[in-house]
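Here you go, one structure.
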Amino acid sequence: MTNDSSSSSASVLGIVGKALLIVGIPAVTVWGFMVPPAEGFMQPDLARMLFFHLPCALGSSIFLMLAPYFALRNLRSKDHADGVAWDIRTVAATEIALVTGILTLVTGSLFSKVQWGEWWNWDPRQTSFLLVMLIVAAYFALRGALPDAERKAHNSGAYLLAAVLPIMFLIFVYPRLPQVATLHPNLLQKGGGLDANYRNVFLSTFVLVTGVTAWIYQLRVRAGLYELELELQNAELADRDRPAATGMVRPVSLPSDGG
């Protein structure tokens, strides 16, 4: 009874959350075009690109922090099915981190062109995030190079754990070192280039992007777990259909007269 009520409440919350996303995305999009142009930019009208660029960058960073945790759970798991389930979560989180990271690079390149005059300025933040995406892409290259599923999960998980410190350094530390000059202003601080209206739209967009990516992550994991369940069921059925193992037969000598 309690489980039924809990699942029912979760289902209602899921429906409400999806409805809010469906209504909120167009509403925040319209709101973003209604705010006045941002001051302090070469193309103030096009500064609205930040409403999508910054949430994608933050969303990618969040999933890049979740994926190594899932990989650690996979490596520590002693049950095969449980380990595969954690590997599914690791892959899903890393996939979303890569997709949102690519969107960050694309929108950042567009912003760089309209605001700074070049598609790519080799700015420390641009370059460091590109290196992060190359590290993440190498994770999928490693998985593709290993045919064995168990080795694929363990080796790629160990790689992801080893890449945590370089990724965190490139995202949060290196671009903010005092001796590193960057074209990126600190937009979220007061006086950094965004007024209260822009910050409010950005925060609303960030909530929506986080909700959409979390929804996609949930669907991706659910599909992977269903696939795992089917594989386990098929393996069990295959074992049932397999003939019983024959034991050792002791030879018996028969009389030569056939009697």
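The values are calculated or read from the model by the stated rules, or taken from the named source; none is laboratory data. Everything numeric here is computed off the predicted structure, so don't read it as measured data. Positions of Cβ are backbone-derived with ideal geometry, glycine not excepted, and every protein chain shown enters the neighbour counts. For the accessible areas, the whole protein counts, side chains as well, though only heavy atoms, and no ligand, DNA or RNA atoms are used. Shrake-Rupley method; radii C 1.70, N 1.55, O 1.52, S 1.80 Å.
Restricted to segment 46-83, and to residues that are touching a residue at least 12 places away in the same chain (Cβ under 8 Å) and of a type in the set (Lys, Arg), which residue is nearest to PHE206 (Cα to Cα)?
ARG48
Check whether at least one residue in segment 163-186 is modelled with pLDDT under 60, touching a helix residue (DSSP H, G or I) at 6+ places or on another chain (Cβ under 8 Å), within 30 Å of GLN115 (Cα to Cα) and in a loop (DSSP other than H, G, I, E, B), and report yes or no.
Within segment 163-186 (the criterion being modelled with pLDDT under 60, touching a helix residue (DSSP H, G or I) at 6+ places or on another chain (Cβ under 8 Å), within 30 Å of GLN115 (Cα to Cα) and in a loop (DSSP other than H, G, I, E, B)), the answer is no, since none of the residues qualifies.
Say whether the condition of being under 21 Å from ALA214 (Cβ atoms) and surrounded by 17 or more Cβ atoms within 10 Å (Cβ to Cβ) is met by at least one residue in segment 38-52.
Start the filter on segment 38-52 by keeping residues that are under 21 Å from ALA214 (Cβ atoms), which leaves 51-52.
Still in the list and also surrounded by 17 or more Cβ atoms within 10 Å (Cβ to Cβ): 51-52.
So far as segment 38-52 goes, yes, one or more of its residues are under 21 Å from ALA214 (Cβ atoms) and surrounded by 17 or more Cβ atoms within 10 Å (Cβ to Cβ).
To keep it simple, each residue is scored yes or no on (1) modelled with pLDDT under 90; (2) over 28 Å from TYR226 (Cα atoms); (3) open to solvent by 60 Å² or more (accessible area, probe 1.4 Å); (4) of a type in the set (Phe, Trp, Tyr).
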| site | (1), (2), (3), (4) |
| --- | --- |
| ALA57 | no, yes, no, no |
| TYR69 | no, no, yes, yes |
| LEU98 | no, no, no, no |
| THR107 | no, yes, no, no |
| ASN121 | yes, yes, no, no |
| LEU134 | no, yes, yes, no |
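Does GLY32 satisfy the condition of being buried (at least 18 other Cβ atoms within 10 Å of the Cβ) and either modelled with pLDDT under 90 or part of a loop (DSSP other than H, G, I, E, B) (or both)?
Values: buried (at least 18 other Cβ atoms within 10 Å of the Cβ): yes; either modelled with pLDDT under 90 or part of a loop (DSSP other than H, G, I, E, B) (or both): yes.
Yes; evaluated as a whole, the condition is true for this residue.
Do any residues in segment 22-39 that are touching a residue at least 40 places away in the same chain (Cβ under 8 Å) and closer than 18 Å to GLN115 by Cβ have Cβ atoms under 9 Å from those of residues that are β-branched (Val, Ile, Thr) and open to solvent by less than 100 Å² (accessible area, probe 1.4 Å), where the two are at least six apart or on different chains, and which pairs are they?
GLY32/VAL201; GLY32/THR205; VAL35/VAL201
A follow-up question, please. Restricting attention to segment 137-155, which residues are open to solvent by less than 70 Å² (accessible area, probe 1.4 Å) and either touching a strand residue (DSSP E or B) at 6+ places or on another chain (Cβ under 7 Å) or of a type in the set (D, E, K, R) (or both)?
Once the filter is applied, which keeps residues that are open to solvent by less than 70 Å² (accessible area, probe 1.4 Å) and either touching a strand residue (DSSP E or B) at 6+ places or on another chain (Cβ under 7 Å) or of a type in the set (D, E, K, R) (or both), segment 137-155 yields ARG143, LYS152.
For the structure I just gave you, tell me whether ASP123 is of a type outside the set (Gly, Ala, Ser), over 25 Å from VAL212 (Cβ atoms) and without any contact (Cβ under 8 Å) to a residue 24 or more places away in the chain.
Values: of a type outside the set (Gly, Ala, Ser): yes; over 25 Å from VAL212 (Cβ atoms): yes; without any contact (Cβ under 8 Å) to a residue 24 or more places away in the chain: no.
For ASP123, the condition - of a type outside the set (Gly, Ala, Ser), over 25 Å from VAL212 (Cβ atoms) and without any contact (Cβ under 8 Å) to a residue 24 or more places away in the chain - is not met.
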